[in-house]
Structure formats: structure tokens, C-alpha cells
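Everything on this sheet refers to the single structure shown next.
The values are calculated or read from the model by the stated rules, or taken from the named source; none is laboratory data. Only a predicted model underlies this, so the values are computations on that prediction, with no experimental measurement involved. A quick note on method: Cβ atoms are made from the backbone with ideal geometry, for glycine too, and the neighbour counts reach across all protein chains shown.
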Amino acid sequence: MPFSSSPRARSGPRRRSLLAAAPAALALAGCTGTESGGPADEDASDRARARAARDSEGLVERYDAVIAARPGLAGRLGPLREEVVRHARAFGGGRKASPSASPSPSPSPSASSSPSVTVPDNDKDALAGLAAAERELADRRTKALGGVPGEVARLLASVAAAGAAHVYLLTEGDA
């Protein structure tokens, strides 16, 4: 009896592109030069950690704005938001965002969070906006890997890979 292919549809390049980003990021993190621990490395580490913490805190604010404006998405977005809070804390931030904090509903969603966050009027576009923010941040973190010492580079690579997974969950997944 000849081999027959499965009738179910495959996700193809979408899943592959997600999985391709993680090894590339981790490979770069392992090749970040020496780990001398000198003052220049410490300064670069401190600057990279501070920026990454601010970036994660800004992403938490964006999640808060979407959750406030689109409460029906709270169950789907809550776990992703909590992970971004953990990322901010891993980089030494997290003072502005806590895992248990939930945005309070208000007539103006942007007033309860960052004034620069505008939330679309429908769930699909709101999710797409979050996915774009996650993708941009993951890409920026991946590009920054070569300029920071080993331990910070490994943390950036890990968080960038998590961001790529968030993009998938926001655009394709049923999280």
C-alpha cells in the first residue's frame, strides 16, 4: 500500500520562520566576543539592560492599553503581558509594571496608560498592533546582540525569541 500524505493543512513557513529566529539569536548570543568583565563591558551591560527594561515596560503599557480598550482580549493577552513584565524584571526594571496590576477601565483607554498608545477599534487590528510592536522589539534586540557582553546578550536573545513566539501567538495562535 503506497504512503499517503496527511490530509491536514500544514502551517508551512509561518512556523518555520518563527523557529528560525530563535537559533539565529542564540547563535549570535554565544559569539559576542570576550567576557572580560572590564569597565567598558559593565557600562555596555548596564546601558543594554536599562534600555531593554524600558522597552519591556513600554510594551507592558501597550498591553495595558489594549486590555483596557478591548476587555474581551484580556484572557488571551494576560499571560503574554505577565511574561513581558517578567522580562522587564529580568533586565532590572519592572517598577512601573507588576504581574498582578490590571488596568482599570476608563472612558479613555489611552488616558489609563501611555498617552502615545492608540488602540484600534477592533480586536484583529489591536492584536496586529501588539504583534507589530513585539516583532519590532524582538528584531531590535536581536540586532543589539553583537554589541553587548555574553550574559546580557544571552538574556536579550532569550527575550527576543520569546517576543517572536508572542508574535506567532498574537497573529496565528489561539492563546
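Quick rundown of the values:
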| item | result |
| --- | --- |
| The range 31-68, subset polar (S, T, N, Q) and modelled with pLDDT of 85 or more, residue surrounded by the most Cβ atoms within 10 Å (Cβ to Cβ) | Ser56 |
| Which listed residue, of Pro7, Pro71, Pro99, is over 17 Å from the mean Cα position of the chain (by Cα), at pLDDT below 80 and more than 24 Å from Val148 (Cβ to Cβ) | Pro7 |
| Some residue of the range 113-121 being buried (at least 18 other Cβ atoms within 10 Å of the Cβ), of a type in the set (S, T, N, Q), modelled with pLDDT under 95 and not in a helix (DSSP H, G or I) | yes |
| Cross-chain or 6+ apart pairs with Cβ under 8 Å, the range 114-137 first and over 23 Å from Ala160 (Cα atoms), then outside any helix (DSSP H, G or I) | Val119/Arg70; Asp123/Arg70 |
